[in-house]
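What follows is one structure encoded as structure tokens, with my remarks underneath.
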Amino acid sequence: MTAQEIRQAYLQFFAERGHTIIPRAQLVPYNDPTTLFTGSGMQPLIPYLLGEPHPSGTRLVDSQTCLRAQDIEEVGDNRHTTFFEMLGNWSLGDYFKAEQLAWFFEFLTKVVKLDPAKLYVTCFIGDEANGISKDTESSKIWVELFKNEGIEANEIEIGSEADGYAKGMQNGRVFYYDAHKNWWCRAGSIDHMPEGEPGGPDSEVFYRFYEREHNAAEKRQYGEHCHPNCDCGQFVEIGNSVFMEYIKRADCFEKLPKRNVDFGGGLERIAAASLGDPDVFMISLLQPIIVKLEEISGRKYESHTESMRVITDHLRAATFLAVDGVKPSNKEQGYVMRRLVRRAIRHAFELGIEQNFLEQVVPVITGLYREELPEVLSKQEEVIEVLVKEERVFRQTLRKGLREFDKAYPADGTHGIVGSQKKAKSIPAEAHNLQIDGAILFKLYDTYGFPLELSLEEAFKRGIFVPDYAKQEFERLMQEQRQRSQTAGKGVFKGGLGGQSLIHKKYHTATHLMYQALRDVLGTHVVQNGSNITEERLRFDFSHPKKMTPEEIKKVEDIVNEQIKNDLKVSYEEYLTEVALEKGALGQFGDRYGDTVKVYKMIAENAQQPFSFEICGGPHVEHTGQLAEGNKQFKIIKEESSGAGIRRIKAVLL
Ligand code: SER
């Protein structure tokens with residue numbers, strides 16, 4: 001099956017089993033400052049997993065576009081991508097293990113028609129210290145499911161990954177691992193869960209692409225023996241059923257009021273399994289991009305595999321970021337986008353593509369989503385514009401870098417060493433009065449975007465000697481930077497539970513009040529363009545052609561403070577989407593909603609009309625008066641441009 005067919009079949013399979021198909025959430029999470037990107041299907045559903053009723057019911061299914069920027073350096077092998085689609089189905093206090101595992105198995109073996117003999121599964125071994133028991137229930141279900149296919153499934157207790165290296169497969173089919181492998185929560189590890197975070201044991205399904213013992217190189221890298229979680233590529237995880245029934249409390253785990261299922265499966269990987277080819281870049285959503293790159297470069301995938309994979313993944317990710325309104329910049333989401341585009345362009349150099357190639361590749365990418373995600377096609381022009389602009393900026397930066405290079409090392413030989421690198425190399429290093437050191441190579445890379453190869457080439461042209469230790473120094477600095485960015489990446493998950501704390505709710509409510517006040521003061525052309533809330537402030541982007549005057553700012557502040565004083569009652573109701581829009585509810589992100597939506601209303605006690613009426617997932621405070629607790633006032637601390645025709649406000653409760 002093609003990836004497109006698998007996506008469609010999955011949605012239909014679960015729709016037939018009572019699930020409502022919900023639209024994907026955007027890549028930039030709305031109102032969740034704890035993470036830069038939507039990295040899993042469950043992320044936008046956290047409030048519902050914690051118990052809030054979902055407007056579409058207790059059974060949901062979707063295909064969620066995800067971005068995992070922390071995987072950027074991994075891209076280049078046959079299975080890692082930063083951007084992917086996660087097929088997801090959820091039971092919000094509805095069905096549990098028996099239905100979930102059986103359905104997924106049925107989907108894989110009967111719909112996608114994967115050979116059950118190539119499927120291997122894992123279960124949670126239990127965690128005594130935290131009082132969480134071994135998941136024998138899931139294991140029993142698996143044994144039965146395999147038995148029905150004529151496969152005798154042996155249960156093996158592997159425990160830790162290290163034990164796996166030591167013990168190997170042991171003829172097993174169902175493998176028990178510890179919490180490092182079979183416990184899921186957003187914090188990544190059971191030991192780092194903040195209070196209030198939901199999580200639970202999980203059960204993963206792996207597809208075995210081939211069968212052999214580790215060779216010598218694999219032994220060094222992945223351990224003596226192969227096992228499902230050893231990561232050598234023989235087994236690839238294609239789906240994960242999380243039994244989310246716990247919440248972390250100060251010193252223990254408590255059961256959630258309702259137990260949930262959170263399933264996530266990589267569409268791209270299931271499609272690769274369907275092809276029986278471990279190279280995920282061969283699936284129908286990626287291979288056409290590779291073909292295009294072969295066509296423009298005149299090079300072959302076989303000989304330029306890594307660069308073509310990097311370009312393919314990164315441009316697909318950047319395309320979706322552009323579709324979801326991100327622009328390249330030097331911080332947050334924009335920074336990741338910039339890195340993706342620039343890495344893609346650098347790798348394009350490797351293929352000898354020097355000229356504006358983005359406008360040729362992007363339409364191939366958008367074309368792949370034409371049918372299922374119409375917003376991709378409708379934004380095609382904008383996407384190309386944004387990416388091509390970045391390409392131009394980057395090429396300028398490269399030129400600037402070359403000028404720096406020229407200044408430091410004039411090509412006219414005034415630095416004393418001319419001639420070929422070969423000749424230069426034959427001169428002892430001490431004899432050179434000009435050498436490049438690692439710090440310079442790193443600066444050229446970091447500030448001017450020069451890949452190492454490009455710097456070496458320029459040095460070569462100028463006859464500058466590049467000693468080996470300079471390259472080693474460069475590698476060391478790169479490694480340091482990688483660690484820094486990984487730490488930063490981890491940091492954003494540690495911020496606690498996005499959107500649930502009281503101060504968070506207050507800023508969320510203040511955002512609604514301010515949005516309405518802005519429309520009252522400036523006019524109804526004001527439309528929300530983005531919003532981000534932290535414990536310290538709210539940030540709000542909206543369309544407006546010019547800078548706000550101090551008087552306008554004051555007026556908006558006064559209106560918000562007045563509505564806080566009026567102590568409006570905050571409540572929500574669910575409506576059919578078209579009814580909500582007809583009733584004049586303000587929306588957040590264009591028109592991509594499910595069939596029904598929640599609309600928050602903020603209304604004074606004796607008023608006929610609400611002051612604010614806005615489509616929103618929540619959460620909010622109950623009365624706007626709560627925003628004034630501790631004698632606080634609403635204050636706009638910054639008003640600035642955030643792109644053409646877009647203004648950005650930062651405001652606080654002070
Ligand atoms: N949340 C789980 C994951 O991301 C399953 O959806 O793997």
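The values are calculated or read from the model by the stated rules, or taken from the named source; none is laboratory data. These numbers were taken from a predicted model, which means no experiment stands behind them. In this analysis, Cβ positions are derived from the backbone assuming ideal geometry, glycine residues included, and neighbour counts consider all displayed protein chains. Heavy atoms of the whole protein, side chains included, go into the accessibility calculation; ligands, DNA and RNA do not. Shrake-Rupley method; radii C 1.70, N 1.55, O 1.52, S 1.80 Å.
In table form, for the structure just shown:
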quantity: As computed over region 81-238, the Cα convex hull volume per residue (Å³); calculated: 142 Å³
quantity: Within straight-line cross-link reach of LYS147, lysines at Cα separation under 27 Å, skipping those fewer than 8 residues along the same chain; calculated: LYS97, LYS110, LYS113, LYS118, LYS134, LYS167, LYS181
quantity: Value of Rg to Rh for the chain (Rh from inverse mean 1/r over Cα pairs, i.e. Kirkwood); calculated: 1.00
quantity: Sorted peptide list for 89-97, 275-283, criterion being average Cβ within 10 angstrom, highest first; calculated: 89-97, 275-283
quantity: Amide proton proximity set for ILE156, modelled H, under 5 Å, gap of 5+; calculated: ARG173, VAL174, PHE175, TYR176
quantity: Helical mean residue ellipticity (222 nm; -39500 (n - 2.57) per DSSP H run of 4+; nearest 500) of the chain; calculated: -12000 deg cm²/dmol
quantity: Packing-based ranking, highest mean first, of 73-79, 621-627 given that Cβ atoms within 10 Å are counted; calculated: 621-627, 73-79
quantity: Gyration tensor over alpha-carbon atoms, region 186-243, equivalent ellipsoid semi-axes in Å; calculated: 30, 15, 7
quantity: Sites LYS471 and GLU294 - FRET efficiency at Förster radius 25 Å, r taken between beta-carbons, to 0.05; calculated: 0.25
quantity: Part-to-part distance (alpha-carbon centres) for region 141-190 and region 72-139, which is given in Å; calculated: 11 Å
quantity: Accessible area of region 263-415 divided out per residue, in Å², using a probe of 1.4 angstrom; calculated: 41 Å²
